[in-house]
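Structure first, then comments.
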Amino acid sequence: MDFGGAAAQTIGGQRTNYYLHPGQIFVSAESHAVTTILGSCVSVCLWDPISEIGGINHFLLPFDVGDGQASGRFGNLAMRELIDRLLAIGAEQDQLQAKQLKTLRLHAKSWPRSTCRLSAKTSKAETVES
């Protein structure tokens, strides 16, 4: 299965901002800004406030239709992969908190650009829409 990786860009030589395309997943134990653009897609941020590990996915459709094209574009696979990756780097499943990002607007120019900030300082996942 292909879940891709987020594209990285260093901002001001200090913080790295990651851009998440549909079908991709990002997890980290460090504080990062992860940006994605949602149309009719959905993203879910998961955060473990105890271990300060978090992640985000970006998917298009709720379920894999079983046609051999399994990828992170399907919610049932993207959610399982996000949880598996978080647990692999030390998150505790029973501590995970979720924030769902979704939107559907009629005009493309009004689609929000969402950023999920995974922050050890605030011990939470927060979203900023612009």
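The residue that is nearest to Leu46 (Cα to Cα), counting only those in region 73-104 that are touching a Ser or Thr at 6+ places or on another chain (Cβ under 8 Å) and of a type in the set (Gly, Ala, Ser), is Ala91. Scanning region 47-56 for residues that are surrounded by 24 or more Cβ atoms within 10 Å (Cβ to Cβ) and touching a residue at least 60 places away in the same chain (Cβ under 8 Å) yields Trp47, Gly54, Gly55, Ile56.
Gly66 meets each of the listed conditions (1) at pLDDT below 90; (2) at negative phi apart from (2).
The values are calculated or read from the model by the stated rules, or taken from the named source; none is laboratory data. Computed from a predicted model, the values in this text were never measured in an experiment. Cβ: placed from backbone, ideal geometry, glycine included. Neighbour counts: every protein chain shown.
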